[in-house]
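Notes to accompany the following structure.
The values are calculated or read from the model by the stated rules, or taken from the named source; none is laboratory data. Values in this document were obtained by computation on a predicted structure and should not be read as measured data. Ideal geometry is used to build each Cβ from the backbone, glycine not excepted, and the neighbour counts take in all protein chains shown. Just the protein is used for accessible areas: all its heavy atoms, side chains included, with ligands, DNA and RNA removed. Shrake-Rupley method; radii C 1.70, N 1.55, O 1.52, S 1.80 Å.
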Amino acid sequence: MIKLPGTNLLIEKKLSPAPTAFFIVPAISILLALLVGAFFLALSGHNYFEIYTAMFSGAFGSSYGFTETIVKTIPLTITSLGIALAFRMQLWNIGGEGQIYMGAFAATWAALFFPIGDGWWTMPFMIMLGMLAGGMWALIIAIPRAIWGVNEIITTLMLNYVAILWVNYLVYGPWKDPQGYNFPLTAIFPPGAILPTIGDSRIHAGLFLGLLITVLMYIVIQHTRWGYEIKVSGESSSAARYAGISNKKNIILVMFFSGAICGLAGMSEVAGIAHRLQPGVSIGYGYTAIIIAWLARLNPFAIILVSFLFGGMQVGGYIVQTSGIPASMVTMLQGMLLFFVLGGELLTYYKINKAPASPTRQ
Amino acid sequence: MSQEIFIAILATAITAGTPILYAALGEVLAERSGILNLGVEGMMLVGAVSGFICALKTANPWYGLMMAMLAGGLLALVHAFLTVTLRANQVVSGLALTMFGTGLSGYLGQSYVGVPLPVPFKTVPIPVLSDIPVIGPVFFNHDPVIYLSYLLVPALWFCIFRTRAGLHLRAVGENPAAADSMGINVFQTRYLYVIIGGMLAGIGGAYLSLHYVPSWMENMTAGRGWIAVALVIFATWNPVNALWGSYLFGGIDALGFRLQTLNVTVSPYFLKMLPYIFTVLVLILVTKRNLAGRIGSPQALGLPYDREER
């Protein structure tokens, strides 16, 4: 029970959270974030109503916008699933961004530089290498985290910068396409290394990879012994120890798969969208995924829904850039959204009452 | 390496380390009170952009610095409200703060990208001291913000370890329930130091846009806020160690920069990786050492305090 400063309101813990709160709190949070966003827009002299309408209709209103939203939903979903797996064990993998870049790097290597020719085997090989690279990149952090408890938040984040610089080095240096008019791009992938698309849209088969991972994740978390172990370890590492669950082994495994799934997102971006490696493979998907995973409460199916919403936010953000709104506004909205969701937790697990007339304690 | 280059690298190490130092000192205070603030990167960015815009409009870098303090403090206040009053998850709130700060700074600074600052902080050699060989040009040929940090480090050390207020701060971070029963206001203390921490992070960011660069670029902190958070662990929550740590990181940064101008054949991309790789290595080594010894983080770091549950 705490007293809100400056008021006579008391916050008390509820015995069990209201199930409806899990939907109402995110919905109110989105509204409040948009409201504060409107305040900033109005402050800089923009018509916030017009901008929000343009964002919404741009993202969901036309068939072009709608398919683009799905195109953005794919990497967001896959990355969020990867991040959520680690979060389940209270492992803060903030390195999704770097793992995406490493996945894209390894997939590109498989597609362009591995001497086995091009055929049906190219795509599975790219998937395997992309996931392996993302997983290994996370493993660099997972091992010291498991053995000595080295803070994984900072180390995973540091490796993001390293991975991005590494990809930049390749595309500006040794992997630059000689026929590319000096642009920082690799050569285009051979046909076997390009994910098929639905119709003539840009929606690619990465969509099915994402759905597959979602279902797999659901089964692993809900119906396997390992999923149960992760859940127990996440809730209390000492309880897990008493139950004979190896924390070290699970930290390493969970981080590896978390990174591998993020690596898959990178692979599907180069094989499905760009068809080559270039700077900016990910535009902050690894960071956005953190919010999505949190908002979706780590539920794999909710992750798809929230990713779709955030995909729309990004597409809408691009659309309004023509009217002078910087892309950073979407980042700002996302940060605010997370603030409100955090504040809203209070309404999920606590109730607010008026303090009694004569305070029982001071 | 000739002596001039060596001195130049050391002097640049201090300039490059100063933004990290300010941010790290702020984080030392916040973490000492038991609140982990991962929003340092965001607070630095907002400090950098608001300080820059203010200095540009008022033609006075000092006003810019004050504006940056105000902005950093306000953002920290949001974190304090969420984590202290509402007892929200400190990790997620800090990440939200960094994201919000990154977005906000990009939004505010949109029309200022690449604009040069006509009134940056100027180098003011300290008379007599700056004439000492080696030490003079390395330490005493800088701008006032650096001299201010020379004073701030021992002052903070003294406050934390030798005063009553510092004792209270440490008590709140180690054992808030005990501190509470001693009559220390845990909530007020945490608010205070989180906000001061944000103000210092704001100065760190503004130092980049008001002296080190001096102009505004999107994401110009480039992970320095995160390096500052890592540095606090390296410094074992001690301002004096934070000073050496910051200069060490500044030195790595400066070395990469210098090697580029010396026609070293290593790709600049690898040189730019140095501070990040170094941070990871240092963190691993320091955590290993701290595990072996008894130097640990404040006991209550990251844990919300609830009077009911004590």
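Table for the structure above
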{"read-out": "Normalised per residue, the volume of the convex hull around the Cα set of chain B (Å³)", "value": "142"}
{"read-out": "Integer Hz, Karplus 6.51/-1.76/1.60 couplings in order for the range A:331-342, x for Gly and Pro", "value": "4, 4, 4, 5, x, 5, 3, 5, 4, 5, 5, 4"}
{"read-out": "Max mean-square fluctuation residue, GNM over chain B, Cα-Cα springs under 10 Å, options B:Met69, B:Met220, B:Met44", "value": "B:Met220"}
{"read-out": "Dipole magnitude (debye, nearest 20) for chain A, charges at Cβ of Lys, Arg, Asp, Glu", "value": "1200"}
{"read-out": "Rounded to the nearest 20 debye, dipole of chain B from Cβ charges on Lys, Arg, Asp, Glu", "value": "320"}
{"read-out": "The range A:301-346-the range A:22-79 distance, computed between alpha-carbon centres (Å)", "value": "6"}
{"read-out": "Heavy atoms of A:Met128 accessible to a 1.4 Å probe, total area in Å² rounded to 10", "value": "110"}
{"read-out": "Residues with amide H under 5 Å from that of B:His142, placed H, sequence gap 5 or more", "value": "B:Val124, B:Ile126"}
{"read-out": "Derived scalar couplings ³J(HN,Hα) [the range A:24-41; Karplus, 6.51 cos²θ - 1.76 cosθ + 1.60; whole Hz; x for Gly, Pro]", "value": "5, 4, x, 5, 5, 4, 4, 4, 5, 4, 5, 5, 5, x, 4, 4, 5, 5"}
{"read-out": "The protein assembly as shown, dipole about Cα centre (Lys/Arg Cβ +1, Asp/Glu Cβ -1), debye to the nearest 20", "value": "1480"}
{"read-out": "Among B:Phe249, B:Phe270, B:Leu29 the positive-end extreme of the charge dipole of chain B (Cβ point charges)", "value": "B:Leu29"}
{"read-out": "By average C-beta atoms within 10 angstrom, highest first, the peptides A:32-41, B:18-27", "value": "B:18-27, A:32-41"}
{"read-out": "Amide H within-cut-off set for B:Ser215, under 5 Å, with H built and near neighbours excluded", "value": "none"}
{"read-out": "Computed FRET value (nearest 0.05) for A:Phe22 with A:Phe113, which takes r as the C-beta separation and R₀ as 56 Å", "value": "0.75"}
{"read-out": "Summed side-chain charge close to B:Ile252 - residues other than B:Ile252 whose Cβ falls under 14 Å, Lys, Arg +1, Asp, Glu -1", "value": "+2"}
{"read-out": "Cα-only radius of gyration and Dmax that characterise the range B:55-136, units Å", "value": "18.7, 54"}
{"read-out": "Convex hull of chain A built on C-alpha atoms - directionally averaged projected area, nm²", "value": "22.8"}
{"read-out": "Gained length - A:Tyr228 relative to A:Asp200, 0.36 nm times residue gap less alpha-carbon distance", "value": "5.8 nm"}
{"read-out": "Exposure of B:Arg258 as accessible area (Å², to 10), given a probe of 1.4 Å and all protein chains", "value": "70"}
{"read-out": "5 angstrom amide H check on A:Leu9, placed H, neighbours 5+ away", "value": "A:Leu4, A:Ala355"}
{"read-out": "Solvent-accessible area per residue for the range B:210-310 (1.4 angstrom probe, square angstrom)", "value": "47"}
{"read-out": "Listed residue (B:Thr287, A:Gly259, B:Asn60) projecting farthest to the positive dipole end of the protein assembly as shown, Cβ model", "value": "B:Thr287"}
{"read-out": "Distance between modelled label sites at A:Gln321 and A:Val215, nm, 7 Å Cα→Cβ extension", "value": "3.6"}
{"read-out": "Whole-number D in µm²/s for the protein assembly as shown (Stokes-Einstein; Kirkwood sum over Cα pairs; 20 °C, 1.002 mPa s)", "value": "82"}
{"read-out": "Rounded to whole Hz, the Karplus (6.51, -1.76, 1.60) HN-Hα couplings of the range A:236-245, x for glycine and proline", "value": "7, 5, 6, 4, 4, 5, 5, 7, x, 8"}
